[in-house]
């Protein structure tokens with residue numbers, strides 16, 4: 001019987017011998033490496049690594065065994081280490097307002113078994129998406145903003161995140177700005193989709209801003225949420241070409257497909273532990289890289 005694969009992620013100061021030390025520790029633990037990528041950032045002086053392996057011996061077989069085996073290397077190089085069971089899906093809460101295209105794309109991929117997450121619920125400040133969500137058999141949390149009290153509504157959202165056990169929160173066109181406190185609490189585990197090719201056209205109605213400037217490409221950006229609006233570390237981006245004969249509504253229509261694909265990629269890569277934070281940027285070990 002083939003043992004489950006484990007995913008090791010490493011972040012530390014870039015220095016000689018890191019790759020060799022990790023590989024030697026895994027070899028000594030009778031692990032078989034099936035995939036490995038690494039990157040040393042010359043600007044920050046940091047080193048990043050993602051390695052997938054499985055046990056082939058009998059002495060080291062569990063995640064806990066390998067955590068013990070890797071501990072001396074982690075101490076030697078002062079590493080931040082993550083070790084995850086590859087087949088274990090992370091729990092995700094999807095959050096949406098009235099635009100359902102990104103939500104529908106994620107739910108379709110999830111139901112088809114193509115998205116490595118467990119959707120533990122959908123939350124919204126509107127009731128528009130209830131029918132779609134409940135058709136998928138998923139809990140729907142309607143969290144309206146009553147009397148303009150956004151603070152109370154956000155507290156409810158944070159309660160849902162906590163009670164659901166969500167390890168990742170996905171803002172699938174959620175048109176509310178999270179407070180600085182919420183951004184700090186969700187740092188590195190909350191992904192937003194912005195309907196422009198950041199850093200251009202931040203804030204409201206970016207497609208209309210783009211149309212007014214006569215751009216020739218529009219795009220979408222998936223990024224981690226931060227206290228700085230639409231300035232969190234970028235995970236993925238893509239674009240589509242547009243022409244002078246299109247109006248702002250055409251931009252919106254074309255952009256929806258790009259938004260859906262870009263957000264799905266970002267969620268997928270995060271769930272596979274391919275995205276490592278590098279200050280205000282990310283290192284993304286894409287499949288095949």
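Summarised in one figure, the compactness ratio Rg/Rh of the range 64-138, Cα atoms and Kirkwood Rh, is 1.22.
The separation of the range 14-46 from the range 91-123, counted between C-alpha centres, amounts to 34 Å. Between the Cα long axis of helix 63-77 and the first principal axis of the chain there is an angle of about 80°, rounded to the nearest 10. With neighbour counts taken as other beta-carbon atoms within 10 Å, the residues 282, 62 rank, fewest first, as 62, 282.
Evaluate E = 1/(1 + (r/R0)^6) for residue 59 and residue 89, where r is the Cβ-Cβ distance and R0 equals 22 Å; express this FRET efficiency to the nearest 0.05. Computed FRET efficiency for residue 59 and residue 89 comes out at 0.20.
Estimated from helices alone, the mean residue ellipticity of the chain at 222 nm is -10500 deg cm²/dmol (sum of -39500 (n - 2.57) over DSSP H runs with n ≥ 4, per residue).
Against the main long axis of the alpha-carbon atoms of the chain, helix 248-271 sits at an angle near 20°. Take the Kirkwood radius over Cα pairs of the chain, plug it into Stokes-Einstein at 20 °C and 1.002 mPa s, and you get 104 µm²/s for translational diffusion.
With respect to the chain, whose longest principal axis is taken over its alpha-carbon atoms, helix 150-164 is tilted by about 40°. Computed across the range 5-85, the Kirkwood hydrodynamic radius from all distinct Cα-Cα pairs reaches 12.6 Å.
Put in order of Cβ neighbour count within 10 Å, fewest first, the listed residues 168, 229 become 229, 168. Shown for 170, 146, 52: other C-beta atoms within 10 Å of each C-beta, ranked fewest to most, produce the order 146, 52, 170.
Where a number appears in this text, it was derived from the coordinates with a stated rule and is not lab data. Note that this is a predicted model, so its numbers are computed, not measured. Cβ sites come from the backbone with ideal geometry, for glycine too, and all protein chains shown count toward neighbours.
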